[in-house]
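To start, the structure under review is shown below, and the notes come after it.
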Amino acid sequence: MGQLALDKAGLLADFEALSRPEGQAMRILDTDGTVLRDWRPRPGDRANPEIDRGQLRDLLLGPLDVQWGRGVTEVVPGTPDGVLVRFADGRQETFDLVVGADGAWSKVRPAVSPVTPHYTGVTLVETSLDDVDTRHPDLARLIGDGSVAVYGANRALVAQRNSGGHVKVGAQFRAPLDWHTHLDLADVEAVRSSLLALFDGWAAPVLDLLRHGTAFVHRPLYVLPVAHTWAHVPGVTLLGDAAHLMPPLGVGANLAMLEGAELAESIAAAPGPGDPAKAVRAFEVQMWARAGRWADITAAGLERLVSPDPTQALALFDEVQPS
């Protein structure tokens with residue numbers, strides 16, 4: 001989906017120059033370090049190449065004039081001059097169309113929907129490794145060219161290689177939202193010790209992913225309802241996580257990119273430059289149907305990936321990976 005959006009924007013060749021098809025590789029280990037699966041992309045396979053989020057952002061922004069640092073506090077549709085947007089600096093402006101592409105805690109969403117994200121019961125604590133090939137060659141070999149994942153009962157460790165020897169590591173586990181109240185999340189060593197205790201008994205090379213992490217970021221996983229829709233509000237719409245926040249299983253950014261392209265195409269194809277309401281409504285109906293399917297798939301996927309039965313995770317990957 002993301003590559004289709006890039007193709008529509010004339011950016012596919014630039015993306016291919018930056019992306020890493022080798023990053024499609026995926027290795028799954030048992031908690032004792034045994035390799036259970038080792039998938040590697042076939043020559044020429046570009047179905048799901050990886051790219052660093054910063055590189056993708058810069059590619060998409062291109063020559064656009066972005067006004068950074070202008071936080072939005074409220075969006076008010078239906079004023080005589082259009083849709084009113086209030087900014088954190090006290091200024092306000094009106095627009096013909098406001099597109100809320102502002103993520104999980106969207107400031108635009110309340111203009112069309114009262115729904116707020118709810119906690120999934122799964123928490124992610126993220127850390128990272130730098131210059132992994134030089135500083136941690138054993139871990140570099142463990143991770144390979146793409147990702148490595150280890151699944152236990154109600155917990156998982158996943159490491160994904162980025163460019164330049166940077167690796168992102170995610171510890172995922174089922175826990176109450178307030179699981180960390182006894183911790184100072186800014187205390188790196190305290191968080192590290194807590195995570196090592198949570199994964200106690202796992203193979204030493206796997207735990208080294210946490211031992212060598214440089215900092216820890218707490219990311220409890222929230223979602224919107226699977227079938228999140230709203231009554232159309234003239235002049236306001238949503239896309240991406242603002243519209244359909246779902247578990248982070250590789251779909252959200254791709255959906256957002258394709259939706260942005262489709263919304264632009266819908267507006268460009270409208271008969272005249274006036275009120276784009278009909279084009280936006282058509283876009284929303286199309287988005288809801290596809291996003292609903294993916295929200296259902298990713299919700300079920302999260303249940304299997306962070307499950308009391310780790311074989312569920314392995315079975316899921318066997319279903320989606322090429323034989």
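The values are calculated or read from the model by the stated rules, or taken from the named source; none is laboratory data. The structure displayed is predicted, hence computed values, not measured ones. Don't worry about glycine lacking a Cβ; one is built from the backbone with ideal geometry, like all the others, and counts go over all protein chains shown. Only protein heavy atoms, including side chains, enter the accessible area calculation; ligands, DNA and RNA are left aside. Shrake-Rupley method; radii C 1.70, N 1.55, O 1.52, S 1.80 Å.
Each pair of Cα atoms in the chain enters the Kirkwood radius, and Stokes-Einstein at 4 °C and 1.567 mPa s then converts it into a translational diffusion coefficient of 60 µm²/s. Label F87 and A315 with points 7 Å out from Cα along Cα→Cβ: what is the distance between them in nm? Going by the 7 Å Cα→Cβ label model, 5.3 nm.
Using the heavy atoms of the protein chains and a 1.4 angstrom probe, tell me the accessible area per residue for the chain in square angstrom.
50
Mean sequence separation of contacting Cα pairs (under 8 Å, at least six apart), scaled by the length of region 101-195, corresponds to a relative contact order of 26 percent.
Taking loop as defined by DSSP and a crowding limit of 10 other beta carbons within 10 Å, which chymotrypsin sites (Phe, Trp or Tyr not before Pro) in region 1-84 fit? Those that pass, being in a loop and sparsely packed, are W68. Taken as Cα centroids, region 260-314 and region 15-72 sit 20 Å apart, rounded to the nearest whole angstrom. The accessible surface of region 113-250, taken with every protein chain in place and a 1.4 Å probe, is 53 percent carbon and sulfur.
Each Cα pair under 8 Å and six or more residues apart adds its separation to the average, and for the chain the resulting relative contact order is 21 percent.
In order along region 27-35, the phi-based Karplus estimate (6.51 cos²θ - 1.76 cosθ + 1.60, θ = phi - 60°) of 3J(HN,Hα) comes to 10, 10, 10, 6, 5, 8, x, 5, 6 Hz; Gly and Pro are listed as x. Counting 0.36 nm for each residue step from D45 to A215 and taking away their Cα separation leaves a gain of 57.8 nm. Here region 29-75 has 49 percent of its accessible surface on carbon and sulfur atoms, given a 1.4 Å probe and all protein chains in place.
Of all aspartates and glutamates in the structure, those lying under 15 Å Cα to Cα from K8, and not within fewer than 8 positions of it along the same chain, are E16, E259, E262, E265.
What number, rounded to the nearest 500 deg cm²/dmol, is the helix-based mean residue ellipticity at 222 nm of the chain, given -39500 (n - 2.57) per DSSP H run of at least four residues and division by all its residues? Numbers along the way, then the final one.
Details: 11 runs with 113 residues, N = 323.
Taking each H run of at least 4 residues, the total per residue is -10500 deg cm²/dmol.
Which FRET efficiency value, to the nearest 0.05, is calculated for L18 and A190 with the Förster distance at 41 angstrom and r the Cβ-Cβ distance? Working from the Cβ atoms, E equals 0.65. Taking the three principal axes of the alpha carbon atoms in region 115-274, the coordinate ranges are 63, 35, 27 Å, sorted in descending order. So how tilted is helix 252-268 from the main axis of the chain? Cα-based, degrees 0 to 90, rounded to 10. Roughly 20 degrees, rounded to the nearest 10.
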